[in-house]
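First up is the structure itself, then whatever we jot down about it.
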């Protein structure tokens, strides 16, 4: 027993260690093939160049843009695909950088501010007093697949109200569908949806500017202060 112990009989041989390491490597490889590492998500944003509207002068008031709500399932970051049977599919890999309501609200707030539709535009968290408030309800924000070709769909209702006295003075339902897309590629979908939001922004600003010229409308009754 002493000779055996001294000759290493009580310890694993080098060959045994190599065999164990090889088995561990093979098992690790098998597990990796059975449970592959999930690829990190790819994020997309609403992005388009600013397009000026035909506003002659800004409305002499401050507008506060409140958060936009979105009906489920459009209240999440995942890109959504709908089928003709109104079946909804979510993508765990392709996602927006924020929920649809946040992206649309931020885009419109930028354009209303840069376009000088109102004298000033404030976010919901601002302490700046505001004469008007604006919000929206998003009903659709998805890639629609039909029998011919896919297309981006944007459907929402925007409301504008006077704070004091509290009164809705503008409410409009907007519905857009992009031209047919060549594929279901997420980049093409993001570009198409960005174009729809750009169209929404221009239509909204054009309508508000038209109301500015209507003396019978509450907005048209506002007068630009000297020097504005």
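The values are calculated or read from the model by the stated rules, or taken from the named source; none is laboratory data. For clarity, every value in this text was computed on a predicted model and none was experimentally measured. Cβ atoms come from the backbone with ideal geometry, glycine included; neighbour counts cover every protein chain shown.
Table for the structure above
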| item | result |
| --- | --- |
| Residue match in region 185-203 (condition: in contact with a strand residue (DSSP E or B) (Cβ under 9 Å, 6 or more places away or on another chain), modelled with pLDDT of 95 or more, in a strand (DSSP E or B) and assigned by TED's automatic domain parsing to the domain that holds residue 62) | no |
| Residue in region 124-140 that is within 19 Å of residue 181 (Cα to Cα) and either in contact (Cβ under 8 Å) with a residue 60 or more places away in the chain or surrounded by 13 or more Cβ atoms within 10 Å (Cβ to Cβ) (or both) present | yes |
| Residues located in region 174-206, provided they are under 30 Å from residue 63 (Cβ atoms) and surrounded by fewer than 16 Cβ atoms within 10 Å (Cβ to Cβ) | 175, 177, 203, 206 |
| Pick from region 97-108, criterion crowded, with 20+ Cβ neighbours inside 10 Å and within 26 Å of residue 53 (Cβ to Cβ), ranking: farthest from the chain's Cα centre (by Cα) | 108 |
| Single condition residue 139 does not satisfy, out of (1) more than 29 Å from residue 57 (Cα to Cα); (2) in contact with a helix residue (DSSP H, G or I) (Cβ under 9 Å, 6 or more places away or on another chain); (3) assigned to a strand (DSSP E or B) | (2) |
| Test result for residue 145, in the same structural domain as residue 196 (by TED's automatic domain parsing) and under 18 Å from residue 177 (Cβ atoms) | yes |
| Matching entry among 225, 171 (being at pLDDT below 95 and surrounded by fewer than 17 Cβ atoms within 10 Å (Cβ to Cβ)) | 225 |
| Residue in region 157-164 that is in a loop (DSSP other than H, G, I, E, B), in contact with a helix residue (DSSP H, G or I) (Cβ under 8 Å, 6 or more places away or on another chain) and touching a residue at least 12 places away in the same chain (Cβ under 8 Å) present | no |
| Matching helices (runs of 4 or more DSSP H) fully within region 1-117 where at least 1 residues are modelled with pLDDT under 75 | 2-6, 14-34 |
